Each structure stands twice: as C-alpha cells, then as structure tokens.
Amino acid sequence: MSLALGNTRTAQLPPNVNRILLVKNLPFKITSEEMFSLFGKYGAIRQIRIGNAQKTRGTAFVVYEDIYDAKEACEHLQGFNVSGRYLVLLYYQTNHKPRKTNLSMEEERVEQLRQQYKSMARDDDDGLDG
C-alpha cells in the first residue's frame, strides 16, 4: 500500500494542477469552521477565503500547503453534496488573463452577423415550408 502512495507522490502532475482550489456553488451560510472541517481531511490548509460580496457569495478559495493534498481534495470533493448543493472545484489558474477585444471591430462583427441572420430569416419566410 505504501508503494502505491509513493508512486502517486512522484508522478508528474498536469500543468493546470496547483495548490489553490476555486470552490463554487457553496451554501451562502457556510462558516470557516465548516470549510476547514470539510477540506482539512485532505491535508494541511494554508488559507481559506470565502466570498462575502454580492458577486462572490457561494465561492471560496482553498489554499493547501501541498499540491498533492489539493489534487486529492479536488478529486474527492468534486460534486460533493453540502446542504443540498453540489460543489464544483477547479484549480485556480493564476496566468489566466482576459482577452482584450477591439470594441469597434466587435461591433462590426455583430452587425455582420445580424445582417446575415436577417437575410436567412427572410429566406425562411418565403412560404415554402408548408
């Protein structure tokens, strides 16, 4: 059994795996103690940040000391039922940057799509459908 544990600790992890988990779909009334109790089963936790603003309610960040503990928690708690809500766990991507868009080009593309679909709608209204 210890041999199997040793293999998992030395196995190379995918690049998206890190020690910071983004937890979604949490009950709004969950406490820090409940979070530590739930996530602490899988290893030492450095920090838990629970969202309390209107836009961040129901989400939290859980930071583990060890990346393998975070991986194990993510695997075991994905879809776990907490107070009637099923947890969604993701690895936090620190290098994710929103794509910059050129507003005028995007407006032009939307207008082209509108014209395209408007002409398609006219073709459908020719009475051939039955």
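The values are calculated or read from the model by the stated rules, or taken from the named source; none is laboratory data. Quick caveat, the model's predicted, so the values are computed rather than measured. FYI the Cβ positions are ideal-geometry reconstructions off the backbone, even for glycines, and counts take in every protein chain you see. Quick note on the areas: whole protein, heavy atoms, side chains included, nothing else; ligands and nucleic acids left out. Shrake-Rupley method; radii C 1.70, N 1.55, O 1.52, S 1.80 Å.
Over segment 59-123, accessible surface divided per residue gives 77 Å², non-protein components excluded, 1.4 Å probe. Sorted largest first, the spans of the alpha carbon positions of segment 13-78 along the three principal axes are 35, 23, 19 Å.
With both labels modelled 7 Å from their Cα along Cα-to-Cβ, the residue 11 to residue 28 distance reads 4.0 nm. Ordering 12, 26, 43 by the projection of their Cα atoms onto the charge dipole of segment 7-46, which places +1 on the Cβ of Lys and Arg and -1 on the Cβ of Asp and Glu, puts 12 at the extreme positive end. Peptides 73-79, 102-108, 28-34 ranked from most to least packed by the mean count of surrounding Cβ atoms within 10 Å: 73-79, 28-34, 102-108.
Extents of segment 11-130, largest first, come to 66, 34, 32 Å (Cα atoms, principal axes, whole angstrom).
Heavy-atom accessible area for residue 68, with the other protein chains in place and a 1.4 Å probe, reaches approximately 50 Å². The simple spin-label model puts a point 7 Å past each Cα toward its Cβ; for residue 122 and residue 67 those points are separated by 5.8 nm.
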